[in-house]
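See below for the structure under consideration.
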Number of protein chains: 2
Amino acid sequence: MEKMIYEIRGLSNQNDDLLLNETIFHTSNGYVGVRANYEEGYPQGYDTIRGTYINGFYDIAEMKQAEKLYGFIEEKQTILNVADSQGVKLLVDGEEFSMFTGTVLESRRWLNMLEGYAGRKVIWRSPKGKEIEILIKRMTSFFQKSLFTIEYMVKALNFTGKIEFISFHNGEVMNYSNPEDPRVASESVKNLYPFDVRIAQEASYIKARTARSGLSVCTGVKNILTGEGPLFREAVSEIDVNGFLVIHSLKADIEKERTVTLTKYTVFSDSIRCEDVELHARKEMAKAVSVNLAAWYERQKDYLEEYWDNCDLEIYGDDDLCLAVRFNLYQLIQSVGKDRYSNITAKGLSGEGYEGHYFWDTEMYIQPFFILTNPDIAKNLIEYRYGTMEGARENARILGHNRGVLYPWRTIMGKECSGYFPSGSAQYHINGDIAHSIVAYYLATKDLEFIAQKGAEIIFETARLWLDVGNYHKGNFYINDVTGPDEYTCVVNNNYYTNVSAQYNMRWASRFYYLLKENGAVDKVANKLQMTEAEIKEMETAAECMYLPYDEEYGINPQDDSFLSKARWNIGNTPKEKFPLLLHYHPLYLYRHQVCKQADTVMAHFIFEDAQSIETIQKSFEYYEKITTHDSSLSTCIYSIVASKLGMKEKAYNYLGNSAKLDLFNIHKNTRDGIHTANMGGNYMAIVYGFAGLRLKEEGLFLAPLLPEQWEGYRFKIKYEGSKIMVQVKRGTSTFSLLSGEAKQIWIYGKEYLLQDTIILTEEVER
Amino acid sequence: MEKMIYEIRGLSNQNDDLLLNETIFHTSNGYVGVRANYEEGYPQGYDTIRGTYINGFYDIAEMKQAEKLYGFIEEKQTILNVADSQGVKLLVDGEEFSMFTGTVLESRRWLNMLEGYAGRKVIWRSPKGKEIEILIKRMTSFFQKSLFTIEYMVKALNFTGKIEFISFHNGEVMNYSNPEDPRVASESVKNLYPFDVRIAQEASYIKARTARSGLSVCTGVKNILTGEGPLFREAVSEIDVNGFLVIHSLKADIEKERTVTLTKYTVFSDSIRCEDVELHARKEMAKAVSVNLAAWYERQKDYLEEYWDNCDLEIYGDDDLCLAVRFNLYQLIQSVGKDRYSNITAKGLSGEGYEGHYFWDTEMYIQPFFILTNPDIAKNLIEYRYGTMEGARENARILGHNRGVLYPWRTIMGKECSGYFPSGSAQYHINGDIAHSIVAYYLATKDLEFIAQKGAEIIFETARLWLDVGNYHKGNFYINDVTGPDEYTCVVNNNYYTNVSAQYNMRWASRFYYLLKENGAVDKVANKLQMTEAEIKEMETAAECMYLPYDEEYGINPQDDSFLSKARWNIGNTPKEKFPLLLHYHPLYLYRHQVCKQADTVMAHFIFEDAQSIETIQKSFEYYEKITTHDSSLSTCIYSIVASKLGMKEKAYNYLGNSAKLDLFNIHKNTRDGIHTANMGGNYMAIVYGFAGLRLKEEGLFLAPLLPEQWEGYRFKIKYEGSKIMVQVKRGTSTFSLLSGEAKQIWIYGKEYLLQDTIILTEEVER
């Protein structure tokens, strides 16, 4: 049970810790996220990233190019900080509660991942000696996505008197800026203009519109005061129209040892998802207050119960790691968009880093988790890509392609937002990544209906692009001038990862074409796309002739055509302070060397493992290991998976290392800026795809568990073709159980079994 | 004689023509350039690039990068428009002269390239019927570089009355901007702040300083009124301190058929070249008015007489072309910097295009002309590079190199100013280009003393860089991730041009090392650079092992390692409106194709012709010809030269085509923005290095004249090792004359001769 609650006692008032905890205890439901600021604020001069974010809600920001060339992107979408409803000041007989005055007798914060709220408890003695116990619970509801609640309970410990809550609803907000931090915006730009504020049915509503994207948002705030025993109450709301600020004052008498509670409801609505934002916000508010808070808590708990029942991962023998992994999975369900207008950002809804953009991280690091545990969420992520296909089509045209679509490298609503194309738009592999994720969804669910409706269209259109990008040379199909996952070598020819991924994309275009043809469902999509069987044949030929670089001398797949002819970077001789290299070396210098920011060919050997012999994979792993800096957090989990595949348990364990603890234990000292969602998914993969050797193939589900020496065991649940399966690995015993659904053929250590009830294997097989 | 005067009669008042003539008739001396605006201005609403520029005088402008990576350039130097002294209004009995009121009875403008001034003549009838004849001569003095004069003569044709000149000196100026033209700045940024204005000895002085570069400039203006017959005169100067504007009013009586003349002197001084700009301006003004204007005209004529005597190029049988070529050579002497603080900008001092930056254009297109005709000017251009070596060293460090220097791709005072590195900083060949130009200077002059003093240092330091850039692979020396001259393929491996140029650079480093060693002069420079003979050996080995890509199948040098494996662009099938390609295709799309913006390998085959067999050169020419768009104006002249080399007279003639007429006849419709200095030099080369087959080699001077069918002949003069030589080519006869200096061994059509007096050959030899 405690492995589902993360708690800090005896809180520090250091600014850095406060910033970190704003992230750790932020609450989010995939639609709205609120950073965990103290309700009463910090003292003057403290830095804070005080933010409330709506997934997919954006403005357009200028992105000037130093030199303009054709097709260079000059504006980007950027996530917005919307109205702030976190503020609650508490006056105890006129004395204002603060963690920085009086005496803090006890203080703790916790995150309850079973019940879905962030808690805070303080016992405080005022400068004049009044003692109170404060208990605050914050929740963003998974059930009603528009709803954020703060339950603020105050108990008088040693006095009878008066208390007052001053509850703020502030429409004048800006995105975070810090002139001293090169990683975030150095100057504030106003993107969101509030234009209307009103009070209705004791709730305040503030409407605001964006500067350039033409979107609007409405926030509604309602405060309800309840208490034990007879109590005098008074509530007044004042509007400061110039400041678009509403101040709700709620006063009450409080008796010794009794509790008074402020329940603050905030609802959010935005014009992406509804026509009339105020009307919608009012309806959402009515719904929010129609049942009491306890009922919302109950629903939250139910939602999470099901979530954990689907996805729980337990590690025996390393409680910290187990907690960290669960924290990660909790953040993933907090972060992932659950409607077709949103996806999952690099920082979830916990911060503004990477501007709320969606990357390939979704498909290659996060979706694999959802595919196995919550296929409906995975499906929704694909729906989002389907919904933004027009942007991808436009992007392909900008880049000169007359057919197919090219998904943007980073985007919110579908337009390319990368300012430096060599490590942005040039990463064409995102097309293959999205195609791969659809195939993976299909392999886990066999949901051919969805493929017919939407999936195939993406697969066909992404595959078409490769035909336009590539060219034949001496009988081989070449893909020139693209960038693979490794951004330390950009705009290269025949990047192995890209080519093998394009091959897979085109082969599956053909496979789906004929599957749908058998089904009678192909004509609809083919007609829509004006696609003929001849084009499918063209794809088959290109896939067949796809050039996959291989070096005889080393017995490896070179990362690209010229990679092996470059000077090899000596990582051992590079001073520690020179990492990450991208902050200390000009891109040209990096491009000129054999040095990788992250797994590239090694990643291809995981994702497309059947394209090469195990010897090539082994030798490549050894080769690239020496020249990979892992300057990207997307790297070590992949190395861990491939090490597992190659049976190198110790290496696999070491590559996993502390990376699962990245955010919960603030390993990289940058969690203050937000969580790292891709890393969270990647670590899940390192366990389930890595140690447990899970693979989804057309032949079926494959497993081949390893147990690191340092653990006592691990256990996880997945869904496969509608059946629920649990895998438990302990020293000397692996247990595979069918928890629900039909019996399934599965492959364990390469041998086929029918999983009807439970299969117990008592020996770990050498891979 | 008329082939030295360009004249336009019956001037158009179309705005486009006025803008064009601002360029065509601009006056410049390599230090200061003044665009040829009408002294009285244009009507409201007319667009004008009203500019006065000082070579090398710059401010620093911000250049924001859309995404910041290490070493990205974020500020650039930019040429400034300095105080405006062109303005002169003329009142004839109170009626203001304008080309747009009254009646223009006659109007013409001309450029006198023998005497070095731009002339303007107007006969005008005022609305009230007063007729005057105006004659204006504008000169920037080659003798006193700080001096610009306007001689404004007015003759009363049909009346006796009063005239008034209102002469302006305006310190409040900005650079040109036009929100509708993507090629120039869209918004005005104030870079120059006037801070002092005063009148002293009837002259006005305005001082201004730059916003960020810390430079200052002073302009002095003095007006002198003279006239025939007895006349009343009155002169008043008013200062508008807020506007930093001085208005000089000069009134006079004028009698019928008599002339009154305003002589307006402007002097310029700047803090790059002197300590106290005002003091210096006053001295220059005193010098300017110490003799009368006729004396300055005389000196101007003398200067040009010598210039033409050194460099004249005459074409028989095509007067337009002959005039255009002379116009070009005139613009080159107008544009080239004559002190060590300046070089030659892409637009000379005739406009703000390319921001007054210096490129490789100097060394590869312009300097070859000066080396043959004015070696002192060529030497000064090298001095400029020597003076900016510290910037090149810093640039090399930014790009990760621990030794050597890397000259910036575009700069004013030596700092890299290119905002997009793949077609900027990555053009490492500029190092080889500069080294090559020094070798060429040496070969033409044998000035080993200068090599010892300065040249060798540049050659050694540029050569050193290659050792750091390149790496050995399978016994070959590779240069990876650089960009060659052709910007349609960027950041490639083993660009043929770059590699052969680096090889030449390193071989000459060694050659000079031993030449200076023999001379006892090597230790000084070697010690200064901490260079050892071992490093020279390292260069020799790298040069020896230099990988020069060669394709057996086609028998050509591929532009780079992967060039031939890309899809070939079909130029014939590309719609005309899609050229230049860079304005219609994303760089990535261009990079992915075999298509060249300009001569690249073909250029290498001209510059480093001895590196390949004639068969390879021939086949390469034929190969690249089909895929070169000549979207750069630096291309056709090189194709013309190589066509000449290959004996393809007709092709050579066609490649020269109209390109020599580019500016004089406004072929590309963009001469309004300024002249194209590199094209001017390139056309000279197409004739002298192309048709006449001139080459400078260590073995001696080579010539091999061809005569295009369309011409009757041509003639040019060059300096070689201190001797002056004339080459005259006519149908059936080539004449080589020693005009002055010692006899020289020269090679004609590959045969050695001693040129003592005159050699006449009566047959053109097949090349």
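Phi angles across segment B:189-201 convert, under the Karplus curve 6.51 cos²θ - 1.76 cosθ + 1.60 with θ = phi - 60°, into 3J(HN,Hα) values of 10, 7, 10, 10, 10, x, 9, 8, 9, 7, 10, 8, 6 Hz, Gly and Pro given as x. Excluding ligands, DNA and RNA, the accessible surface per residue across chain B is 35 Å² with a 1.4 Å probe. The value given for segment A:692-767 is a Kirkwood hydrodynamic radius of 12.5 Å, derived from the mean inverse Cα-Cα separation. Measuring between alpha carbons in the structure, the pairs from A:697/A:717; A:162/A:256; B:130/B:222; A:446/A:744; B:697/B:717 lying more than 21 angstrom apart are B:130/B:222. With the label put 7 angstrom out from Cα along the Cα-to-Cβ vector, residue B:534 ends up 6.7 nm from the copy partners, going from closest to farthest. Dipole magnitude for segment A:489-599: computed about the Cα centre from +1 point charges on Lys and Arg Cβ and -1 point charges on Asp and Glu Cβ, it is near 580 debye. For the protein assembly as shown, the 222 nm mean residue ellipticity estimated from helices alone, with every DSSP H stretch of n ≥ 4 adding -39500 (n - 2.57) and the total spread over all residues, rounds to -8500 deg cm²/dmol.
Excluding residues on the same chain fewer than 8 positions from residue A:517, give the aspartates and glutamates whose Cα lies under 15 Å from its Cα. Answer for residue A:517, where 15 Å is the Cα cut-off: A:449, A:457, A:533, A:535, listed by chain and number.
Selection among B:703, B:308, B:761 by position relative to the dipole of chain B gives B:308 as farthest towards the positive end (Cβ unit charges, Cα centre).
Rounded to the nearest 20 debye, what is the charge dipole size of segment A:2-284 about its Cα centre when +1 sits on each Lys and Arg Cβ and -1 on each Asp and Glu Cβ? Could the numbers behind the result be given before it?
Numbers: 35 positive and 41 negative charges, 101 e Å.
The calculated dipole for segment A:2-284 is roughly 480 debye.
Near the amide H of residue A:694, within less than 5 Å, lie the amide hydrogens of A:689, A:704, all on another chain or at least 5 residues away, with H placed in the peptide plane.
Computed log10 I(q)/I(0) for segment B:2-285 at 0.17 Å⁻¹: -1.46, from the Debye equation with unit scatterers placed on every C-alpha and solvent omitted.
Summed over both chains, the area buried between A and B is near 4100 Å², taken from the accessible surface of protein heavy atoms with a 1.4 Å probe.
Once neighbouring chains are kept in place and the probe is 1.4 Å, which whole percent of the accessible area of segment A:2-284 is contributed by carbon and sulfur? Here it works out to 47 percent.
Charge tally around residue B:156: other residues with Cβ under 15 Å, Lys/Arg +1 each, Asp/Glu -1 each, net -1.
Working from Cα pairs under 8 Å separated by at least six residues, relative contact order for segment B:2-285 is 17 percent.
Here the chain A residue lying nearest the rotation axis onto B, judged by its C-beta and given with the distance in whole angstrom, is A:64, 2. Where in segment B:124-139 does the label zone of residue B:106 land, with the point 7 angstrom along Cα→C-beta and an amide N cut-off under 15 Å? Flagged as within label range: B:124-125, B:131-136. Accessible area drop of at least 10 Å² (1.4 Å probe, protein heavy atoms): which residues of segment B:470-486 qualify, relative to the chain alone? At a threshold of 10 Å² (probe 1.4 Å), the residues of segment B:470-486 that become less exposed are B:471, B:473, B:474, B:478, B:480, B:481. If you roll a 1.4 angstrom probe over the protein chains with everything in place, what fraction of the accessible area of segment A:399-552 belongs to carbon and sulfur, to the nearest %? With neighbouring chains kept in place, the figure for segment A:399-552 is 45 percent.
At an R0 of 22 angstrom, the distance between the Cβ atoms of residue B:238 and residue B:96 translates into a FRET efficiency of 0.75.
On the protein heavy atoms, probe 1.4 angstrom, tell me the percent of accessible surface of segment A:692-767 carried by carbon and sulfur.
That share works out to 46 percent.
Please compare each pair in A:576/B:64; A:566/B:619; A:89/A:121; A:121/A:251; B:454/B:528 to a cut-off of 19 Å on the Cα-Cα distance and tell me which ones are over it. Exceeds cut-off: A:576/B:64; A:566/B:619; A:121/A:251. Entry note, chain A: relative contact order of 11 percent, from Cα contacts under 8 Å with a spacing of 6+ residues. Contact with the other protein chains removes 40 Å² or more of accessible area, compared with the isolated chain and a 1.4 Å probe, from these residues of segment B:38-73: B:64, B:66, B:67, B:69, B:70. Once backbone amide H atoms are built at 1.01 Å from N, residue A:40 has A:88 as its partners under 5 Å, excluding neighbours fewer than 5 places away on the same chain. For segment A:447-478, the set of trypsin sites (Lys or Arg not before Pro) satisfying both a DSSP loop assignment and a count of at most 13 other C-beta atoms within 10 Å is given as A:474. Largest accessible area first, the residues B:398, A:430, B:760 order themselves as B:760, B:398, A:430 under a 1.4 Å probe with ligands, DNA and RNA left out. In segment A:391-410, burial by the other protein chains removes 30 Å² or more of 1.4 Å probe accessible surface, compared with the chain on its own, from A:399, A:400.
Once backbone amide H atoms are built at 1.01 Å from N, residue A:473 has A:478 as its partners under 5 Å, excluding neighbours fewer than 5 places away on the same chain.
Considering all projection directions equally, how large on average is the shadow of the alpha-carbon convex hull of segment A:379-538, in square nanometres?
Details: hull surface 36.5 nm².
Result: 9.1 nm².
For segment B:692-715, the residues whose backbone nitrogen is under 19 Å from a point 7 Å from the Cα of residue B:314, taken along Cα to Cβ, are B:692, B:706-708, B:710-715.
For the pair segment B:448-507 / segment B:533-552, the C-alpha centres are spaced 10 Å from each other.
Scattering from chain A was approximated by placing one identical point on each alpha carbon and applying the Debye formula without solvent; log10 I(q)/I(0) at 0.04, 0.06, 0.08, 0.11 1/Å stands at -0.17, -0.38, -0.68, -1.24.
Of all GluC sites (Glu not before Pro) in segment B:268-361, which ones are in loop regions per DSSP and have a Cβ with at most 14 other Cβ atoms within 10 Å?
Hits after loop and neighbour filter: B:275.
The values are calculated or read from the model by the stated rules, or taken from the named source; none is laboratory data. Owing to the predicted nature of the structure, the values given are computational and were not obtained by experimental measurement. For neighbour counting, all protein chains shown are included, and Cβ atoms are generated from backbone atoms with ideal geometry for every residue, glycine included. Surface areas here come from the heavy atoms of the whole protein model, side chains and all, with no ligands, DNA or RNA. Shrake-Rupley method; radii C 1.70, N 1.55, O 1.52, S 1.80 Å.
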